[in-house]
Amino acid sequence: MTDFNTVRQYNFPTTIRFGAGAIKELPDHLIANGLSKPLLVTDPMVSGLDFFTAIKNSLVAKSLSVEVFSDIHKNPVKSDVLKGGEIYNLTDRDCIIGIGGGAAMDVARAITLRINHHRDLFDYDDLIGGDKYVTEEVPYFITVPTTSGTGSEVGRSAIISEDDTHRKRILFAPKLLAKIVFADPLLTMQLPPFVTAATGMDALTHNMEAFIAKGFHPMAEGIALEGIRLINESIIKATLEPDLESRSKMMIGSLMGAVAFQKGLGVVHSLAHPLSSLLDTHHGLANAVNLPYGMRFNAPGLEEQFKRMAIAMDLTGTTGEDIVNHLFALNKKLGLPTKLSEIGVKAEHIESLSDLAFADFCHPSNPKPVTRNDFQKLYLEAL
Ligand SMILES: NC(=O)c1ccc[n+]([C@@H]2O[C@H](COP(=O)([O-])OP(=O)(O)OC[C@H]3O[C@@H](n4cnc5c(N)ncnc54)[C@H](O)[C@@H]3O)[C@@H](O)[C@H]2O)c1
Ligand SMILES: [Fe+2]
């Protein structure tokens with residue numbers, strides 16, 4: 001039952017320049033804001049791609065001084081952030097631009113925090129109330145997504161792991177929202193099929209988990225439902241025969257997922273996070289495999305919400321099981337695995353995975369409570 005005597009907070013994001021060619025506006029945007037010394041933060045792969053060189057050249061052509069920091073891990077760790085912060089200071093930068101997937105944008109956001117906040121980085125962990133220490137100004141921060149998945153471009157948090165344990169920590173503060181997002185689908189045209197599929201399933205998971213998450217947030221739910229529709233209708237084309245339309249729909253759908261998940265996420269993300277911590281599994285892939293199982297767990301009792309998601313997906317059947325079967329089939333069509341054993345999970349991992357999943361920060365907003373035993377059962381079912 002919804003409690004209408006409670007005051008809630010709804011946060012919607014920042015200025016978004018969306019569309020093919022949006023990235024061309026970046027140099028003039030910097031100049032108009034009096035900025036001339038950007039630190040471009042990306043990952044080692046993206047730093048070698050043609051579009052990245054073109055972005056760099058477009059800045060240099062306008063006489064801007066450009067430094068690149070790309071020395072980051074696949075699942076970024078604290079020392080990556082500290083290194084990037086040192087480079088910012090040593091090279092006397094005046095703004096930070098995160099260009100890449102969630103990993104690069106998260107590191108860029110964490111460096112943005114780091115510059116004027118000098119406590120231990122994980123003192124700012126949101127789960128221990130660390131956002132109260134985020135008191136200083138932060139450098140001008142811009143995001144440029146080049147995958148369509150995490151939606152980190154419109155987020156206010158950065159997921160950074162501990163170097164030794166690989167435990168994921170969340171740095172969060174409203175100030176860490178990008179001042180502007182340049183979301184240009186043309187930058188995703190060369191994204192390989194596997195990454196397109198895995199990141200796209202992450203975005204679908206955000207929209208689905210947000211739609212059914214606990215709480216009263218009709219705006220997030222409306223966005224999530226349309227995000228589900230857009231991703232469901234374009235993910236196969238974007239993966240197997242990409243064109244601008246399918247890539248554009250994936251990019252806006254993933255951005256919408258991240259706007260929607262301010263309502264909360266759920267059991268699927270809590271199942272997925274430990275796989276990245278323990279086995280370095282890509283975040284989107286971990287969600288893709290767990291999504292049908294997590295939705296099957298949630299479906300009983302949520303018939304109305306599942307029906308609305310099924311309608312958004314244009315399915316003939318509208319039960320929870322119809323959605324679950326559709327998700328399994330989607331993973332297969334995308335060439336993604338449907339079992340955890342196919343991504344290196346072994347029976348002996350289940351205990352540690354279940355501990356980590358139960359300690360994860362996402363499932364408290366799942367529409368129904370999840371116990372450690374539930375996680376164990378879900379992992380075993382998906383094995
Ligand atoms: N901040 C948030 O709200 C949030 C939410 C979910 C996940 N995350 C984090 O995001 C990370 C995952 O992000 P991701 O799924 O975008 O993956 P990613 O950043 O790891 O990128 C996936 C791969 O695609 C490559 N790539 C990126 N853009 C490309 C392009 N245009 N063409 C070709 N290759 C390209 C990258 O080099 C990388 O190898 C994880 O670290 C996860 O913890 C953050
Ligand atoms: Fe995610």
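Condition check: closer than 20 Å to Pro337 by Cβ, touching a Lys or Arg at 6+ places or on another chain (Cβ under 8 Å), of a type in the set (S, T, N, Q) and open to solvent by less than 10 Å² (accessible area, probe 1.4 Å). Does Ser234 satisfy that?
Numbers: closer than 20 Å to Pro337 by Cβ: no; touching a Lys or Arg at 6+ places or on another chain (Cβ under 8 Å): yes; of a type in the set (S, T, N, Q): yes; open to solvent by less than 10 Å² (accessible area, probe 1.4 Å): yes.
It is false that Ser234 is closer than 20 Å to Pro337 by Cβ, touching a Lys or Arg at 6+ places or on another chain (Cβ under 8 Å), of a type in the set (S, T, N, Q) and open to solvent by less than 10 Å² (accessible area, probe 1.4 Å).
Any residue at all in the stretch 285-294 that is away from ligand 1 (no atom under 15 Å from the Cβ) and more than 16 Å from Ala357 (Cβ to Cβ)?
First, the residues of the stretch 285-294 that are away from ligand 1 (no atom under 15 Å from the Cβ): 292-294.
Pick out the ones that are also more than 16 Å from Ala357 (Cβ to Cβ) and you get 292.
Looking for residues that are away from ligand 1 (no atom under 15 Å from the Cβ) and more than 16 Å from Ala357 (Cβ to Cβ), one finds at least one in the stretch 285-294, hence yes.
Looking at the stretch 337-348 only, could you name the residues that are under 12 Å from Leu291 (Cα atoms) and part of a loop (DSSP other than H, G, I, E, B)? Working first, answer last.
If we filter the stretch 337-348 for residues that are under 12 Å from Leu291 (Cα atoms), which is where we start, we get 337-340.
Across the stretch 337-348, the qualifying residues are Pro337, Thr338, Lys339.
Say whether the condition of being modelled with pLDDT under 95 and among the basic types (Lys, Arg) is met by at least one residue in the stretch 67-75.
Yes, the conditions are met somewhere in the stretch 67-75.
Please specify each residue of the stretch 345-366 satisfying the condition of being under 22 Å from Ala210 (Cα atoms) and either hydrophobic (A, V, I, L, M, F, W, C) or open to solvent by 40 Å² or more (accessible area, probe 1.4 Å) (or both). Give the steps one after another, and end with the answer.
Within the stretch 345-366, the first condition is being under 22 Å from Ala210 (Cα atoms), and the residues that meet it are 356-366.
Across the stretch 345-366, the qualifying residues are Leu356, Ala357, Phe358, Ala359, Phe361, Cys362, Pro364.
Which ones in the stretch 147-197 are farther than 30 Å from Leu334 by Cα and more than 10 Å from ligand 1 (Cβ to nearest atom)?
Glu162, Asp163, Asp164, Thr165, Arg169, Ala173, Pro174, Lys175, Leu177, Ala178, Lys179, Ile180
Can you tell me how many residues in the stretch 355-383 are in contact (Cβ under 8 Å) with a residue 60 or more places away in the chain, part of a helix (DSSP H, G or I) and within 23 Å of Phe328 (Cα to Cα)?
8
Do we find a residue being in a helix (DSSP H, G or I), in contact with a helix residue (DSSP H, G or I) (Cβ under 7 Å, 6 or more places away or on another chain) and small (Gly, Ala, Ser) anywhere in the stretch 182-195? Before you say what the answer is, go through the steps one by one.
Within the stretch 182-195, the first condition is being in a helix (DSSP H, G or I), and the residues that meet it are 185-188, 193-195.
Those left that are additionally in contact with a helix residue (DSSP H, G or I) (Cβ under 7 Å, 6 or more places away or on another chain): 185, 187-188, 193.
Then keep just the ones that are small (Gly, Ala, Ser); that gives none.
No; the residues of the stretch 182-195 include none that is in a helix (DSSP H, G or I), in contact with a helix residue (DSSP H, G or I) (Cβ under 7 Å, 6 or more places away or on another chain) and small (Gly, Ala, Ser).
If you take the residues in the stretch 8-26 that are open to solvent by less than 30 Å² (accessible area, probe 1.4 Å) and assigned to a loop (DSSP other than H, G, I, E, B), which one is nearest to Glu153 (Cα to Cα)?
Residues of the stretch 8-26 open to solvent by less than 30 Å² (accessible area, probe 1.4 Å): 19, 21-23, 26.
Filter again for assigned to a loop (DSSP other than H, G, I, E, B), leaving 19, 21.
Values: Gly19: 15, Gly21: 17 Å.
My answer is Gly19.
Considering (1) away from ligand 1 (no atom under 14 Å from the Cβ); (2) closer than 13 Å to Val41 by Cα, say which one Gly98 fails and leave the rest.
Of the numbered conditions (1) away from ligand 1 (no atom under 14 Å from the Cβ); (2) closer than 13 Å to Val41 by Cα, the odd one out for Gly98 is (1).
The values are calculated or read from the model by the stated rules, or taken from the named source; none is laboratory data. The structure displayed is predicted, hence computed values, not measured ones. Cβ atoms come from the backbone with ideal geometry, glycine included; neighbour counts cover every protein chain shown. For the accessible areas, the whole protein counts, side chains as well, though only heavy atoms, and no ligand, DNA or RNA atoms are used. Shrake-Rupley method; radii C 1.70, N 1.55, O 1.52, S 1.80 Å.
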